[in-house]
1. Sort through Ser221, Ser206, Ser235, Ser216 and tell me the only one that's open to solvent by 10 Å² or more (accessible area, probe 1.4 Å) and touching a residue at least 12 places away in the same chain (Cβ under 8 Å).
2. When the range 349-367 is examined, which residues are found to be crowded, with 17+ Cβ neighbours inside 10 Å and over 18 Å from Ala411 (Cα atoms)?
3. Could you check the range 143-169 and list, in sequence order, the residues that are touching a helix residue (DSSP H, G or I) at 6+ places or on another chain (Cβ under 6 Å), open to solvent by less than 50 Å² (accessible area, probe 1.4 Å) and either touching a residue at least 60 places away in the same chain (Cβ under 8 Å) or at positive phi (or both)?
4. Which residue out of Ser390, Ser415 is polar (S, T, N, Q), more than 22 Å from Leu321 (Cβ to Cβ) and either touching a Gly at 6+ places or on another chain (Cβ under 8 Å) or open to solvent by 60 Å² or more (accessible area, probe 1.4 Å) (or both)?
5. Taking the condition of being open to solvent by 80 Å² or more (accessible area, probe 1.4 Å), of a type in the set (A, V, I, L, M, F, W, C) and either under 17 Å from the mean Cα position of the chain (by Cα) or under 21 Å from Lys145 (Cα atoms) (or both), how many residues in the range 175-200 meet it?
6. Pick from Ala447, Ala432, Ala402: which is under 43 Å from the mean Cα position of the chain (by Cα), on the phi < 0 side of the Ramachandran plot and modelled with pLDDT of 90 or more?
7. Give just the number: which of (1) under 22 Å from Leu328 (Cα atoms); (2) touching a Ser or Thr at 6+ places or on another chain (Cβ under 8 Å) does Lys395 not satisfy?
8. Looking at Val363, is it touching a residue at least 40 places away in the same chain (Cβ under 8 Å) and closer than 22 Å to Pro388 by Cβ?
Amino acid sequence: MESFDLHETSIATANANHIDHGWQKVSYPKRQRKTKPNADPEKTNLTLPNGTLTNGAPNVFRSLEQQSEDRRRRILNAQTAYATAAIDANAKAKHNRSDLDNDDGDDSSDVEGVKPNGKPAEEKKKVKQKKPKKPKVTVAEAAAKIDPADLSAYLAELKGEQPEIQMQKFANYYGKAFREMVAGQFPWMKMFMESTVIKLADIPLSYISDAVYKTSANWISQQSLEALGFFILWSLDIILEDMLAQQASVKGSKKGVQQMPSKSKVGIFVALAMVLRRKPDALIIVLPKLRENSKYQGQDKLPVIVWMMLQASQGDLAVGLYLWAHHLLPIIGGKNCNPQSRDLILQQVEWILSASKARSILVNAAVRKGERLVPPSSFEILMRVTFPASSARVKATERFEAIYPILKEVALAGSHGSKAMRQVSQQIFNFAVKAAREGSPGLSKEAAGTVIWCLNQNADCYKQWNEKAMNNGADVARQALFQDADKYCKDISGKLSRGHGCMKTLAFGVIVFAVGAAVVSPNLDTWDWNKLSVVFNS
């Protein structure tokens, strides 16, 4: 029984340990029984089935039952108190965590990095704050912020520096003016590929105010052609590098490679367009490098070159035609010109010829600083693409036929009988005779008329008549016809200096008929020449 009491006492002690800190009063039943008075020995201690004595004395186990009930009551009270304390502790812990979360950064613990409950504090996760998106700026909005007075003051400070450095800083000013723009706001490659020449001509100076343009143009006019030529190639290199980067970005996007967006190049386009319009001659200076250096050649670079020549054309229409005839027309004459490039090149010359008073301006400026706008070599290409063989006609042939008359007039314009015209007629005569002997009827007819023009311009062309007509491997019938034509042309030309005015006119008509017949109509018999001679001698 003592062992039973100790066991229950230890359980009660364990459950109530949090209240009395492990100390518990232990009672021993034997001592309690010893201190109790002894029962009357004279009475008989008979126990009834219900556990009471027959003599009315209390049961000897009653004290034990009371102690057991007391212990059970204490255990229940201890369990209830423990549960209540646990609930209070949890509520307090939640309250402490809420205080820490709401703390502005002050640490209320005595030890740094330790929470009030004794556990180490966790480091707060750093949340990356999203940068606010910059508002998108359009070309027009950025251009409107450019102050002409500020630009003028900036350009005035550039005096004294090297000319090339001045030009680069000039472009840098516009680069800063449009620095808030991203490449997507000025997709120049897409614009150049999809826009017509008419739209390309106004990109991007249509956004620039007249005051800003005039301020820049006045400053550009003071720069040397050498410095401007340097700037044109320097700007073109930057534009082509950006084009290659965009092409690589497109290829990378197809492969899943993320590319960084490039900065907008609208500033360099603005500065370059201003230079080309104000000083179009600077583009003529760098034209040989554009033809010789392979990095400036290729179908993909053609839209940029056309755009540059359009800007120069707006500054000087004659320069525009010069650039077209010397650089772009030979591309059409090449073997690798595709329909898209041919269309773009044709659009440019059509745009030039559609300008107000274009014909009179170009004919009067046919010779510019000793050079012809349409040189003989370009005129030959123009003649051949306008009058191809019937099997070689394309959609663009009709467009060439429409522009040919004005361009031919410019190619043949000049002072009659002058030294320069004699040289030009000599060069044209060389390819015209060759073209007249080819099998294309349209080309032969046009070339024959050109040969006659050459004979009228330069008497020395008669000396080449025999060489060209007799010694170039013509068939027997045509060669005999050339011999007859040569005989009568010499006879007629010898009489030109002795005749009257009307006689000279008639003689020239006869020569025209003779040459034209020899070149175009090989079916004339010998008696036709004899009859022609009789008519002339009479």
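The values are calculated or read from the model by the stated rules, or taken from the named source; none is laboratory data. If you're wondering where the values come from, they're calculated on a predicted model, not measured in any experiment. Virtual Cβ from ideal backbone geometry, glycine too; neighbours counted across all protein chains shown. The protein model used for the area step is the full one, side chains on, heavy atoms only, and it has no ligands, DNA or RNA in it. Shrake-Rupley method; radii C 1.70, N 1.55, O 1.52, S 1.80 Å.
1. Values: Ser206 fails: touching a residue at least 12 places away in the same chain (Cβ under 8 Å); Ser235 fails: open to solvent by 10 Å² or more (accessible area, probe 1.4 Å); Ser216 fails: open to solvent by 10 Å² or more (accessible area, probe 1.4 Å).
So the residue among Ser221, Ser206, Ser235, Ser216 that is open to solvent by 10 Å² or more (accessible area, probe 1.4 Å) and touching a residue at least 12 places away in the same chain (Cβ under 8 Å) is Ser221.
2. Trp351
3. Of the range 143-169, the ones touching a helix residue (DSSP H, G or I) at 6+ places or on another chain (Cβ under 6 Å) are 143, 146, 148, 151-152, 154-155, 158, 163-164, 167.
Okay, now just the ones that are also open to solvent by less than 50 Å² (accessible area, probe 1.4 Å), so 143, 146, 148, 151, 155, 158, 167.
Passing the criteria: Ala143, Ile146, Pro148, Leu151, Leu155, Met167.
4. The unique qualifying residue is Ser390.
5. 2
6. Ala402
7. Every listed condition holds for Lys395 apart from (2).
8. So Val363 fails the test.
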